[in-house]
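S.K.: Mind looking over this structure? Questions follow.
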Amino acid sequence: MRRTLALLAAALATTAPFASRASGPIEVMVLGTYHFANPGLDLHNAEIDDVLSPGRQAEVAATVDALAAYRPTLVAVEADADTLPGRALPGYRDYAAGTAKPSRNEIQQIGFRLAKRAGLDRVVGIDAKGDFPFEALQAWAAAHGRAAELEEMVGRIGRQTRAFEALARTTTVGGLLRHLNDPARLREDHGWYMAALAFGAGGDQPGARLVGSWAARNLAICARLRQAARPGDRVVVVYGSGHGPLLRQCVLDTPGWTLADPLAWLPR
């Protein structure tokens, strides 16, 4: 038995993926963003002035110049690419060639622009679909006399959104991204989901189902990131900031990977 365990340990020590990661660790920066062209899919959606205005474009350029100092070798963005070879987004080829129409989306404004600035030949999409069973949570809260408590939680998101809109009136794009990636803000965002766990009883746990669905989507996103990254990569993940806490945790929990702090690279 001891000999079998020894042989297994030796085999694991020489397995190719572990050896390759040891020789070329992967570093990942998870850059949480707001939606520059908001699709209106969140519980509350921030209304921010036009990112294509000359002033905002100068701020975006300054932000990308600062992030370029990180020397990324791969940029991954919030786009579905499951059916695309190598997960490479064809829109980036058009952007890099100068033939793409201007877009307000942060995928182009930050992701594509950073990749082009870094001389990369592809941008990969790593998004995954997922359920968000909020209606079931609402129904349970209403049936158990806790609708007001849940409404207050949702209102907290609304107040946070309005505060972000006010901040945007006096702050640059780089400053807004610094705000969204501040550890205190990330804890606050993730805390909302943890508070949802209080909604349920016995075998009926709508809060846990909602949080589990959210976690499952983010694990599916991280799985696609793992499959796209290669030993030695320095990855920038450009994603909605709500995903930040779970994506960062996934990076931290992945053997051979290290997490880069975007605050060390974003302009002030």
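S.K.: When you go through 49, 121 one by one, which is the residue that is among the charged types (D, E, K, R), modelled with pLDDT of 95 or more and either assigned to a loop (DSSP other than H, G, I, E, B) or touching a strand residue (DSSP E or B) at 6+ places or on another chain (Cβ under 6 Å) (or both)?
M.R.: Details: 49 fails: modelled with pLDDT of 95 or more.
Answer to the selection: 121.
S.K.: Write out, first by first residue and then by second, each pair whose Cβ atoms fall under 6 Å of each other, whose residues are 6+ apart or on separate chains, and whose first residue, in region 68-93, is touching a residue at least 40 places away in the same chain (Cβ under 8 Å) while the second is among the charged types (D, E, K, R) and assigned to a helix (DSSP H, G or I).
M.R.: These pairs meet every condition: 68/117; 81/87.
S.K.: To continue, here is another question. Quick check on region 183-198. Is at least one of its residues under 30 Å from residue 86 (Cα atoms) and out of contact with any His (no Cβ under 6 Å at 6 or more places or on another chain)?
M.R.: no
S.K.: Tell me, please, whether a residue that is touching a helix residue (DSSP H, G or I) at 6+ places or on another chain (Cβ under 8 Å), part of a loop (DSSP other than H, G, I, E, B) and not polar (S, T, N, Q) can be found in region 93-101.
M.R.: Filtering region 93-101 down to residues touching a helix residue (DSSP H, G or I) at 6+ places or on another chain (Cβ under 8 Å) leaves 95-96, 100.
Checking the rest, the ones that are also part of a loop (DSSP other than H, G, I, E, B) come to 100.
Those left that are additionally not polar (S, T, N, Q): 100.
Within region 93-101, one or more residues are touching a helix residue (DSSP H, G or I) at 6+ places or on another chain (Cβ under 8 Å), part of a loop (DSSP other than H, G, I, E, B) and not polar (S, T, N, Q).
S.K.: Taking residue 107, is it buried (at least 17 other Cβ atoms within 10 Å of the Cβ) and either under 30 Å from residue 233 (Cα atoms) or in the same structural domain as residue 181 (by TED's automatic domain parsing) (or both)?
M.R.: Working: buried (at least 17 other Cβ atoms within 10 Å of the Cβ): yes; either under 30 Å from residue 233 (Cα atoms) or in the same structural domain as residue 181 (by TED's automatic domain parsing) (or both): yes.
So residue 107 fits the description; yes.
S.K.: Tell me, please, whether a residue that is over 30 Å from residue 226 (Cβ atoms) and without any contact (Cβ under 8 Å) to a residue 12 or more places away in the chain can be found in region 192-202. Give the derivation first.
M.R.: Start the filter on region 192-202 by keeping residues that are over 30 Å from residue 226 (Cβ atoms), which leaves 198-202.
With without any contact (Cβ under 8 Å) to a residue 12 or more places away in the chain added as a condition, the list becomes 198, 202.
Among the residues of region 192-202, at least one is over 30 Å from residue 226 (Cβ atoms) and without any contact (Cβ under 8 Å) to a residue 12 or more places away in the chain, which makes the answer yes.
S.K.: Still on this structure, I have one more. Consider region 58-87. How many of its residues are out of contact with any Gly (no Cβ under 8 Å at 6 or more places or on another chain) and surrounded by 14 or more Cβ atoms within 10 Å (Cβ to Cβ)?
M.R.: So the answer is 9.
S.K.: Condition check: farther than 25 Å from residue 30 by Cα, small (Gly, Ala, Ser), surrounded by fewer than 14 Cβ atoms within 10 Å (Cβ to Cβ) and out of contact with any Lys or Arg (no Cβ under 7 Å at 6 or more places or on another chain). Does residue 143 satisfy that? It would help to see each step written out before you state the result.
M.R.: Details: farther than 25 Å from residue 30 by Cα: yes; small (Gly, Ala, Ser): yes; surrounded by fewer than 14 Cβ atoms within 10 Å (Cβ to Cβ): yes; out of contact with any Lys or Arg (no Cβ under 7 Å at 6 or more places or on another chain): yes.
Judged against the criteria, residue 143 is a match.
S.K.: For region 163-184, which positions are touching a residue at least 40 places away in the same chain (Cβ under 8 Å) and assigned to a helix (DSSP H, G or I)?
M.R.: Across region 163-184, the qualifying residues are 164, 165, 168, 173, 174, 175, 176, 177, 178, 180.
The values are calculated or read from the model by the stated rules, or taken from the named source; none is laboratory data. This is a predicted model, so every value here is computed, not measured. Reconstructed Cβ throughout: ideal geometry from the backbone, glycine too, with neighbour counts over all protein chains shown.
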